[in-house]
Amino acid sequence: MSSSSSSSSSSSSDDGNGGGGPRRGVDFGGPSLTRRRANNETWPGPFLEDLVVQVAIDASSSLGRLAAAAAIANVFQVSLSSSSYCSRISEAWSTVSTLSRAIINLIAGACDLEVKVCSTWRAVSHSAPLWFRLTRIIWGRTLRMHPTWRDEYVYRHRTARNFRAGGSYHHTLHFDPSGVDGPDGLTCRCLTLSDTHLACGFADGTVRLFELATRQHVRTFYPHPSDRLGRFSRAVAGIVISDNRIIFATLDGDIHVAIMDGQPFPRRAHMGNVVEDGPLVDFTGCGRWWVGLYAGVPGRAFQIWDGNTEEMMYVNPLIASLTNPEAVMGWHMLTEFIEPVGRVRMTSGETAVACVSSRYMILELRNQGFPLQDHEHRRGIRVACLDANNEAFMTVDNRGRATVRRVDTLEEVCRFQTGQSNMMGCMNWGYALMCAGGVVRVWEIEQGQYLYRLNENIGGINTMVADDRYVAAASGRDTTIHLWDFGAL
């Protein structure tokens, strides 16, 4: 099904984002442009496909993913009076520099160019492998949600353009509160998005599932009964959506596995031991891995499970001390509704980033959580703003300065000043969103440019999450769940 990374909501999902994500490197395996060819030869289709892909990569790397379309259109915009130019060596570069109406319409999505092209270009413009490569490299998608890969590419481009311009529809999601036992059943603590669903975890341990296409509440899942060691010991700490499974963990350490269209009482895959491990303050994962972050018992910060076998993995002791300074506050989470003391987010399918208020780590999950990076943060970290996509992660310090870095190298992608110190944040592939005082503001994360604020003032929130199409936030003052759809225009 889908896969998405989750955001500031202690959650994660396997959406159609490929593990590699949008690429910044080279994906060009074709012959060199300097190689001489016979006068009567045409450039082969695979070469032209490689050329188109390389131009898209270059534009995306330097100017952002939306620029791939315009760059190809601008560079290759040459009208020919005859398609025979394709077979002439003297005009080889002119031919390569020509883009058919189909290529431009498919890549740029919104160009009106009158271009006559040779049959090779026409064949390339309809190549399903080409559009799969472009969709995977530029938009990080390996799951097709539309009839063709061309359609998928155009849809992703238009949705990203809506996100850039602030074009969205706002909705509120509703569910029947009857039968809820106490106010905790109405307090949403975490959110997770997939391509088709939004999962909401509540303070009483229930998970409510909404279908995005209809915005209807379609399922409710309940945790197994267990002894309570505090008012919020059964609160949902995080949710993972993987294929048709919903995996959710509660603060007392229990992990449940539900089938999306299955029974309301899921299977308990792991029974927590809050006395020995401490409270499970955050939980994330993907189809391959589940990661739990604990705070309360020194030296027990992480547990990692194989998502396929559901077996707990050995955890490298070098990462076990991350939450030691937050041990006391970890126990307070069982009885008080306080800000999160730690957060963990998936990046690629093999790494995760975790933080507390003074430190962050990047973990290699296939190597027992070996710390690829371990950094103290002298200005402190706003835990509620840590988030990640497949290739980058975002931190915000206590002065409101946000920094986006590449996961693999820690290279700084951008930084920007939010102007706020008390806020909640999340990010997707191209944008960061910050909510302070009920106002959600949006920055692009390739240059760090402030773009706009959403129209709705939603008051205080408990959690928020974003993917490439949707943004969701749970109100802290009532039962309202807000949903913005950037793909509906």
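Database remark: amide H of residue 476 closer than 5 angstrom to the amide H of 460, 461, 462 (H placed geometrically; neighbours at sequence offset of 5 or more, or on other chains; Pro and chain starts carry no H). Give the shape of segment 184-239 as rounded, prolate or oblate, defined through the alpha-carbon gyration tensor: a ≥ b ≥ c are the square roots of its eigenvalues, a/c under 1.5 means rounded, and otherwise the shape is prolate if a/b is larger than b/c and oblate if not. Prolate is the answer for segment 184-239, as a/c is 1.5 or above and a/b outweighs b/c. A simple rule links phi to the HN-Hα coupling: the Karplus curve 6.51 cos²θ - 1.76 cosθ + 1.60 with θ = phi - 60°, which for segment 194-205 gives 10, 4, 10, 9, 10, 10, 10, x, 10, 6, 8, x Hz, with x for Gly and Pro.
Determine the sum of side-chain charges near residue 280: Lys and Arg each +1, Asp and Glu each -1, restricted to other residues whose C-beta is under 10 angstrom from that of residue 280. It would help to have the intermediate numbers written out before the result.
On the way: positive: none; negative: 252, 254, 277, 282.
Combined, the nearby Lys, Arg, Asp and Glu give -4.
When Rg and Dmax are taken over the Cα atoms of segment 312-428, they come to 14.1, 42 Å. The translational diffusion coefficient of segment 159-203, from Stokes-Einstein at 25 °C and 0.890 mPa s with a Kirkwood hydrodynamic radius over alpha carbon pairs, comes to 186 µm²/s.
The simple spin-label model puts a point 7 Å past each Cα toward its Cβ; for residue 143 and residue 311 those points are separated by 2.7 nm. Of the three principal axes defined by the Cα atoms of segment 127-267, the extents in descending order read 58, 29, 22 Å. Packing, taken as the mean count of other beta carbons within 10 Å per residue, orders the peptides 162-174, 308-320, 348-360, 462-474 from highest to lowest as 462-474, 348-360, 162-174, 308-320. With all protein chains in place and a 1.4 Å probe, the accessible surface of segment 124-173 carries 54 percent carbon and sulfur.
The values are calculated or read from the model by the stated rules, or taken from the named source; none is laboratory data. Model, not experiment: these values are computed from the prediction. Counting neighbours? That spans all protein chains shown, and the Cβs are built from the backbone with ideal geometry, glycine included. Calculation scope for accessible area: heavy atoms of the full protein, side chains included, ligands and nucleic acids excluded. Shrake-Rupley method; radii C 1.70, N 1.55, O 1.52, S 1.80 Å.
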